[in-house]
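Q: Got a structure for you, questions after.
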Amino acid sequence: MKRRELLGLAALAAMTGVSGLIARPAWSQAAPFRIYMVTWRGLTNVEKGFKDYFAARKIPVEYIMRDAGQNPQRLAGFVEEIRQLRPDLVYTWGTSVTLGIAGPYNAHDAHDVRDARGGFIGDIPVVFALVASPVGARIVPSLDAPGRKLTGVSHIAPLASQLAAMRAYRPFKKIGVLYNAAEQNSVLGVQELKAIGLRENFVIIDRTFRRDAAGKLSAQGVAELVLELKRDGAEWLYIGPDSFLFTVLAEVTAAAAQVKLPSFASTEAVFESPAGVLAGLVSKYHSVGQFAAFKAEQILAGKVPPATIPVETLKRFSFLVRMSAARKFGMLPPVALFNYAEFL
């Protein structure tokens, strides 16, 4: 293995806490493993990191790429195709895709079954990435022991760590949240924030996205909702792991900038918005993809049962600060942040 690859894998091992990462030799089989990849809103840096890992390890892989296009109705068709193609492993992006492909761990409950066959993949290994709350979403009963033919990587820093980062930049008594009430991981996140707020004496002011006459989620009224959060005393706008929120992120962050409400992000992709997201404590998507690929390698090349592979997050997170937004808000970061934050 080339020295550059060794250094890259050493960095990944240090970041994730995975031991023995370099000691395993590159896989030498000629026939490629077949990995069926299902994304939610197109390719991201997570998939790039996933593929880069296998390329660096010289493990031959054939990828079968499918995208749901944020339409959950497509997932049942992917399940049928997976049954027909019988890939060696299935990769899923996000909570909605993972639940649509693998189902909840208690999928035998009547209300979870889509059809007589269960409607989910349970006999082919599944590795997920970008799931905010694997236990809360009922994907696994325990992070330490998934107990099913599935494992993966979560990308969200513990909320306590995010709140500590937020306080390090600017103390607060009220946090505003705008979210999709139909998205389970978003609801769970808001519930957890409120529970922490009760213990730590701060208030969550929340608003949900509106729907149009046809009942479809809409960006209409976003500016008004953000203004309501500001008027009710929100000192930060918390941008959680919400797929619909990401689709209207430009509108949300522009509205927040207009009323001088600084935004704090939980995911790296939020910083792709051209508007003024100020700060965030995030996992780098490329590293999440690499970590998910390491777990896939354990299953494919190492023959480790996925039910015994823990669901984990990265061990290190990046505190990002966008200086253009800091200047716009008149909120230059405290001097102490220069010791550990990454400035964009």
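Q: Only one of these conditions is not met by Ala336: (1) of a type in the set (A, V, I, L, M, F, W, C); (2) over 16 Å from Thr267 (Cα atoms); (3) surrounded by 13 or more Cβ atoms within 10 Å (Cβ to Cβ). Which number is it?
A: That leaves (3) as the condition not met.
Q: Could you give every pair whose Cβ atoms fall below 7 Å, whose first residue belongs to region 320-343 and is closer than 14 Å to Val282 by Cβ, and whose second residue is assigned to a loop (DSSP other than H, G, I, E, B) and of a type in the set (A, V, I, L, M), counting only separations of at least 6 or pairs across chains?
A: That search, which allows pairs on different chains as well, returns Leu320/Leu344; Val321/Ala341; Val321/Leu344; Arg322/Leu344.
Q: Within region 166-189, can you find the residues that are in a helix (DSSP H, G or I) and modelled with pLDDT under 90?
A: If the condition is that a residue be in a helix (DSSP H, G or I) and modelled with pLDDT under 90, then Gln184, Asn185, Ser186, Val187, Leu188, Gly189 are the ones that fit.
Q: Here is a follow-up. I'd like the full set of residues that are part of a helix (DSSP H, G or I), open to solvent by less than 50 Å² (accessible area, probe 1.4 Å) and either under 23 Å from Trp93 (Cα atoms) or among the aromatic types (Phe, Trp, Tyr) (or both), limited to region 294-333.
A: Phe294, Lys295, Ala296, Glu297, Gln298, Ile299, Leu300, Pro306, Ala307, Phe329
Q: Does region 149-162 contain any residue that is small (Gly, Ala, Ser), in a helix (DSSP H, G or I) and under 13 Å from Gly240 (Cα atoms)?
A: No, there is no match, as no residue in region 149-162 is small (Gly, Ala, Ser), in a helix (DSSP H, G or I) and under 13 Å from Gly240 (Cα atoms).
Q: Here's another thing I want to ask about it. Only residues that are open to solvent by 10 Å² or more (accessible area, probe 1.4 Å), in contact (Cβ under 8 Å) with a residue 60 or more places away in the chain and either in a loop (DSSP other than H, G, I, E, B) or not aliphatic (A, V, I, L, M) (or both): list them for region 249-262, please.
A: Across region 249-262, the qualifying residue is only Lys260.
Q: I'd like the full set of residues that are of a type in the set (D, E, K, R) and touching a Gly at 6+ places or on another chain (Cβ under 7 Å), limited to region 43-65.
A: Across region 43-65, the qualifying residues are Glu47, Lys48.
Q: Ok, one more. With the condition kept exactly as written, say whether any residue in region 190-200 is open to solvent by less than 60 Å² (accessible area, probe 1.4 Å), in a helix (DSSP H, G or I) and more than 27 Å from Gly136 (Cα to Cα).
A: No, region 190-200 contains no residue that is open to solvent by less than 60 Å² (accessible area, probe 1.4 Å), in a helix (DSSP H, G or I) and more than 27 Å from Gly136 (Cα to Cα).
Q: Only one residue in Leu150, Leu163, Leu227 is at pLDDT 95 or above and open to solvent by 30 Å² or more (accessible area, probe 1.4 Å), so which one is that?
A: None of the other options fit; the residue is Leu227.
Q: Filter region 230-248 down to residues that are open to solvent by less than 10 Å² (accessible area, probe 1.4 Å) and in a helix (DSSP H, G or I), then give me how many there are.
A: Of the residues in that region, 1 qualify.
Q: Condition first: among the aliphatic types (A, V, I, L, M), touching a residue at least 60 places away in the same chain (Cβ under 8 Å) and in a loop (DSSP other than H, G, I, E, B). Now tell me which residues in region 46-68 satisfy that.
A: Ile59
Q: Moving on to the next point. What number of residues in region 272-284 are buried (at least 21 other Cβ atoms within 10 Å of the Cβ) and at pLDDT 90 or above?
A: So the answer is 6.
Q: I'd like the residue in region 69-103 that is among the polar types (S, T, N, Q) and in a helix (DSSP H, G or I) and, out of all such residues, is surrounded by the most Cβ atoms within 10 Å (Cβ to Cβ).
A: This residue is Thr98.
Q: Let me ask something else. Name the one entry in Ala265, Ala269 that is open to solvent by less than 10 Å² (accessible area, probe 1.4 Å), under 17 Å from the mean Cα position of the chain (by Cα) and touching a residue at least 60 places away in the same chain (Cβ under 8 Å).
A: Ala269
Q: Going through region 166-189 one residue at a time, which ones are of a type in the set (Val, Ile, Thr) and open to solvent by less than 10 Å² (accessible area, probe 1.4 Å)?
A: Selection gives Ile175, Val177.
Q: Here is a check on your reading of the model: is Phe291 open to solvent by less than 30 Å² (accessible area, probe 1.4 Å), in a helix (DSSP H, G or I) and closer than 30 Å to Ile139 by Cα?
A: In short, yes.
The values are calculated or read from the model by the stated rules, or taken from the named source; none is laboratory data. Bear in mind the structure is a predicted one, so any value in this text is a computation, not a measurement. Backbone-built Cβ (ideal geometry, glycine too); neighbour counts: all protein chains shown. Calculation scope for accessible area: heavy atoms of the full protein, side chains included, ligands and nucleic acids excluded. Shrake-Rupley method; radii C 1.70, N 1.55, O 1.52, S 1.80 Å.
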